[in-house]
Amino acid sequence: MNLVIDIVISGLISGSVYALLAIGFSLIFGVARIVNIAHTAFYMVASYCIYVVTQKMGLNPLWGMVAAIVLVTMLGMISYKIFINPIREHEGAVLIATIALAIIIQEIMSNIFTGTYLSVPALIEGYFTILGVKVFFQQLLTFCAALFIMAALWVLLRRTKLGLAIRSTAQDREVANLMGINEARVAMITMGLSVGLAGLTGAVVVPLTILEPNMWLSPLIMMMAVVVLGGLGSLKGSFLGAYILGFAEALVVFLAPMGAYLKGSVALSIMILVLLIRPEGLFGVYFEEER
Amino acid sequence: MGLILFYVKKLIIIFKNEVLVLPSRVVVVFFFLFLLLLPVVTKDDYILRIFTLASIFALLAASWDLLSGFTGQMNFGHALFFGVGAYGAALINLHANIPPWGSIPLGALCAVLAGLIIGIPCLRLKGTYLALTTLAFPIILIGLVFAFPGLSGGELGISGIARLSQSRVADYYIVVVLLLGLCTIMWKITDSNTGIIFHAIREDEVAVRAAGINTTRYKLLAFCLSGFFAGISGGLYAHFMRIAGPSTLEVSLSFQVVIYAVFGGIVTIYGPIGAVFILFPMLEFLRFWQDYRTLMFACVVLLILLYMPDGLFRWLRDKIEKECPRCKIRNISTRDTCRVCTAPLD
Amino acid sequence: MNKLNKRIFLLAMVSLFALSFCTLVFAQEIKIGVIGPMKFVQGIGHWNGAVMAAEQINDKGGIQVGAAKMKIKLVQADSNEFLNVTDATNAMERLITNDKVDLIVGGFRTEAVLAMQDIAMEKKKIFIGCGAAHPELCLRVAKNYNTYKYFFRGTPFNSTYLVKSTFFHLGAVAAVMKKQLKIPKIKVAIVAEKAVWADPLIPAANETLPKMGMEVAGVWRPSPVATDVTAELSAIQRSGAHIIFTFFSSSVGIPFARQAGELKIPAIQIGINVEAQKEGFWQATQGKGDYVMSSNTYSRGVVYNELTMPFVNGYIAKFGEVPTYTADTYAAIVYGLAPSITQAGTLDADKLVSILEERVYDVPSGTVKYMKDAEGKHLHDLTFGPGNITGISTQWQNGKLVGVWPNKWKMTPESPEVTHKGIVPIMLPPWMTKMYKK
């Protein structure tokens, strides 16, 4: 019985981490058809920013979070404007540009902070016990943040004019343009939103993990698996896919402690199996190829 | 005697009229000559090593282009073929004691098998889904490598593999000749009927299906061919470095291959090859600036992509050659009229 | 001779003289290549240790080689081995062919060192490995002496001894626990990162622990780069383990210690935790890494012999932190290579090899004696044991890294008892004492 509770709680928590990352990634893909490989690299910048604010300047982690989100959003929008917007038509080039951007960010972080492992204090220290399982407050915060973001995005997309613009651009870029929506500006705002979400994820998740210049690679892979499983462009799908893969990982770790390192492989295999049955992911909208 | 002279004269005429006419073909000839004559100019082991490794990666990048460029099946897990080829050749060499000229083709056949295994689930996937799914396969394989450390050596990999040949120069020639030969074969494939079908599949798969062509078969063929060539480069790598480890399956290697190919220009075989020969020595050359090496590399790639999003070599080729509007033959851009049909070139 | 001939002759003489002068000037230096992951702590350790060694030797005028004194010139090479093994081999090759070094020290990641070793052996350059512990590196020496004889292991002793020494540490902790908490049967949870070097320990532990009177509570194998181990920790707590026997060489050591400390798991962590050897561990675990024990080589205040304090204090004065084991490039150069070169009177690699493999000499961490295998073939591997090299076990106590083992330790009942100066007693986590001392 204890094992089941452990698995449920562990799954919820890792699912929330993936959900936070995947929602941002899915947003920018849905609207601008950009596979932003540098998404987790921005998450890394946010984490280092919090490190600098808390460790070097000694301020409260909350200030670190605010600074991180603002900095990362600005950085994201600037890089979009300079590097990605000019080549938006060439999908292959955009992909490589985001990879190159991620590598540049990695190298800059590596040069400033070296490869030493660093860490960041939690926003709320301590843990509590629920149903016999110890859970950190920071992990609870992550879970609540995921739910909150999902709710906030839902409100944004369904109830505001901006949300309407975003949704219509996602459905059909050209027609949205014809309808008078400034498609380029919507893409820019969505990029800012997406990168801001990456920053927020960094702020919330990073006390649970270690900082080093290569920390962007492993979340990237899990995040892409989640997004593909849920269906590209579908926020609901990313949310659900995150929890499915989170539970899969928890199952592996608890039921096969000798094989805990296989949790990544198992999650990816599940993704492939689902794709075999439904090639567009669970909730993916299958666009007819935009000719 | 007279016969030989006749053929020599014929060769010279062909050379003058077919090769010297286009600057891009002249460049290719120079490239071939450069690669083949390099050991005559320098015996420095370090430089030969750089070019040998560049040739191995060039073969890998060209094989990626065959799959993802021509057929449009974006493959983000090309390291899988490389790794399977390397591990296959290593295991066969170590356990069955087959020398390199046997273990490398057999390793490549393992990579072909891997190509089939991943090609079949990927048949129904398109675009980004395909890219991200192919990304997953090398990672799953790394998990398996760690799960069976007795067979695969875990994170240490397999070491003690036989050398390619006895000397560095011989190693270099084996790799370069294989590169030039296999790339010529790839080039010929893309020029043939199969190549046309690959182009067509990339442009509009539904239309190709409507024309009655079995795209499944051709897509699987592309996966297998690409896997074969990549597997050969993997086997060469294993025998050259004498160690085959999980670093051959890393995500960063897959990303590097894609960078090389897109930088040089996809849907060409020469693009990725040229890109590797520019970027790889550049990365090594920048060693004097150790701290900023990778940063410079990424910056160069990003800047080139901003101004030449179709790829460096495509852009260069478009600058030095023009296509005739009537007969579609390429001409040197300084000409006023087409060399074949004399239509005016604007 | 006519005027032209005379001029030519003069020119020739001058150039010959100049040339010989140049070679003489150039030949005054011994070039030592230091290769390692320079952006990471391990490579920084390699470089710092070598710099300290070179400065010390050059201050005295250099190494005596025959009639001349030659100064050391260090050449740094960033192998980038954590990220790219191809890069590492390129760096090694460049060091040998371009920079033309005479000797090489360094190396860390075994997969890369195996490949780098091949290159150095091919070119017949002496390579002293300062970081990779895999036995294969030295087994190659025995298997193929003529090719691999130029390789010597500088540090650490190989992984089989590493594992053996952790069992001694475990015994010491178990004794303390029995005395302070009166636990009848101690349960041990084995947590080993999923890596080949850690594989042999599971069967070894399963076999040895019952013989030591302890029970194996379970085996967990997280990924070496895992960042969240709360799942494993919950399971470990539920198993009722008193000791967590850790084998971490990679980053997982940090979140494990931090989360175990935050969750106040009532067990003490001991074993190998490479991250816990570094002084940056305290910040990395946000101060929650107290009471974590790990095998180590150097610690402030622990003295092996009269060479230890000058080295450790000198290193702290110069670089601001206690040296990690990769800084033993210092020992490799100052006590290993330099005297051997002086003894040989030449830089000839073959002569140096025959001298190096026979010499027994003191280094700041003990006494180096190279061992032979069961058939008497040279392994060029470090001998382990009291009187040679044993390493220490350190524990984080109240934010300070202190040495806690060997403390009145005997390897076998007949061996001499070993206690180093500066060793303090082991402390158990207070939350554990509170829970068990009911």
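Some notes on this structure:
- In Hz, Karplus ³J(HN,Hα) per residue of the stretch B:110-117 (6.51, -1.76, 1.60; θ = phi - 60°; x = Gly, Pro): 4, 5, 4, 4, 4, x, 5, 4
- Distance between modelled label sites at A:PHE128 and C:ASP350, nm, 7 Å Cα→Cβ extension: 7.6 nm
- Estimated dipole of chain A in Debye, rounded to 20 [Cβ of Lys and Arg +1, of Asp and Glu -1, Cα centre]: 520 debye
- Lacking any other cysteine beta-carbon closer than 4.7 Å, the following Cys residues of chain B have no compatible partner: B:CYS110, B:CYS122, B:CYS183, B:CYS224, B:CYS299.
- Mean separation of Cα pairs under 8 Å and 6 or more residues apart, divided by the residue count, gives chain C a relative contact order of 15 percent.
- Inter-chain neighbour count for C:265-275: the average number of beta-carbon atoms from partner chains within 10 Å of each residue's beta-carbon is 0.
- Helix runs (DSSP H) in chain C reaching 20 Å along axis by Cα, Kyte-Doolittle at least -1.0: C:3-26, C:41-59, C:159-181
- Value of D in µm² per second that Stokes-Einstein yields for the stretch B:59-209, Kirkwood Rh from Cα pairs, at 20 °C (1.002 mPa s): 125 µm²/s
- Cβ-defined net charge surrounding B:VAL27, 12 Å radius [Lys, Arg +1; Asp, Glu -1]: +1
- Kyte-Doolittle mean at least 1.6, axial Cα span of 27 Å or more - DSSP H helices of chain A: A:2-32, A:91-113, A:235-255
- Per residue convex hull volume, Cα atoms of chain C, in Å³: 155 Å³
- Stokes-Einstein D (µm²/s) once Rh is taken as the Kirkwood radius of the stretch A:2-277 over alpha-carbon pairs, at 4 °C in 1.567 mPa s: 67 µm²/s
- Label separation (B:VAL206 vs B:GLU323): 2.5 nm, computed from points 7 Å beyond Cα along the C-beta direction.
- Over 21 Å between alpha carbons, listed pairs C:LYS39/C:LYS278; C:LYS164/C:LYS434; C:LYS69/C:LYS351; C:LYS211/C:LYS278: C:LYS164/C:LYS434; C:LYS211/C:LYS278
- Spatially proximal aspartates and glutamates relative to B:LYS322 (Cα-Cα < 19 Å; intrachain offsets below 8 disregarded): B:GLU18, B:ASP310, B:ASP336, B:ASP346
- Listed by chain and number, the aspartates and glutamates placed with their C-alpha closer than 13 angstrom to that of C:LYS288 are A:GLU125, C:GLU262; residues fewer than eight positions away on the same chain are left out.
- The stretch C:83-102 and the stretch C:332-375 have Cα centres lying 24 Å from one another.
- Charge tally for A:ASN85 (other residues, Cβ to Cβ under 15 Å; Lys, Arg +1; Asp, Glu -1): +2.
- Estimated FRET transfer efficiency (C:LYS434, C:ASP373; beta-carbon r; R0 51 Å; 0.05): 0.55
- Calculated mean residue ellipticity at 222 nm for chain B: -22500 deg cm²/dmol, from DSSP H runs with n ≥ 4 weighted as -39500 (n - 2.57), summed, divided by the residue count and rounded to 500.
- Tensor-based shape of the stretch C:310-438 (alpha-carbon gyration tensor, a/c under 1.5 rounded, otherwise prolate or oblate): oblate
- DSSP bridge analysis restricted to chain C gives an antiparallel fraction near 35%, rounded to the nearest 5.
- The angle between the Cα long axis of helix B:45-64 and the longest principal axis of the Cα atoms of chain B comes to about 80 degrees, rounded to the nearest 10.
- Chain B: most fluctuating residue of B:PRO121, B:PRO272, B:PRO325 per GNM, C-alpha cutoff 10 Å: B:PRO325
- Lysine pair count for the stretch A:2-277 (Cα-Cα distance under 24 Å; residues 8 or more apart in sequence or on different chains): 4.
- The aspartates and glutamates whose alpha-carbon is closer than 16 Å to the alpha-carbon of C:LYS318, local same-chain residues fewer than 8 away aside, are C:GLU55, C:ASP59, C:GLU279, C:ASP328.
- Where the Cα pairs of the stretch B:44-310 fall when distances are cut into 10 Å bins, in %: 7, 30, 36, 21, 5, 0
- Between the stretch C:106-133 and the stretch C:198-238, the alpha-carbon center distance in angstrom: 31 Å
- Listed peptides A:222-231, B:192-201 appear in the order A:222-231, B:192-201 once ranked by packing, highest mean of other Cβ atoms within 10 Å at the front.
- Summing Lys and Arg as +1 and Asp and Glu as -1 over all other residues whose Cβ lies under 9 Å from the Cβ of C:GLY36 gives a net charge of -2.
- Among B:LEU132, B:THR248, B:VAL176 - extreme Cα towards positive end, dipole of the protein assembly as shown, charges at beta-carbon: B:VAL176
- Cβ-Cβ distance of B:PHE148 and B:MET282, R₀ of 41 Å, FRET efficiency by 1/(1 + (r/R0)^6): the value works out to about 0.60.
- Summarised in one figure, the compactness ratio Rg/Rh of the protein assembly as shown, Cα atoms and Kirkwood Rh, is 0.99.
- In degrees, nearest ten, helix B:79-95 long axis to first principal axis of chain B (Cα): 60 degrees
- Using a Förster distance of 56 Å, the FRET efficiency for B:LEU11-A:LEU276 (Cβ separation, nearest 0.05): 0.55
- Relative frequency of Cα-Cα separations exceeding 15 Å in the stretch C:368-437, percent: 67 percent
- Surface/4 of the Cα convex hull for the stretch C:30-164, nm²: 8.7 nm²
- Among the listed pairs B:LYS10/B:LYS328; C:LYS179/C:LYS410; C:LYS187/C:LYS408; B:LYS9/B:LYS328, those beyond 22 Å (Cα-Cα): B:LYS10/B:LYS328; C:LYS187/C:LYS408; B:LYS9/B:LYS328
- For the stretch A:231-275 versus the stretch A:143-161, the spacing of their alpha-carbon centroids is 24 Å.
Since every read-out is calculated from the coordinates, none of them should be taken as a lab result. Only a predicted model underlies this, so the values are computations on that prediction, with no experimental measurement involved. Counting neighbours? That spans all protein chains shown, and the Cβs are built from the backbone with ideal geometry, glycine included.
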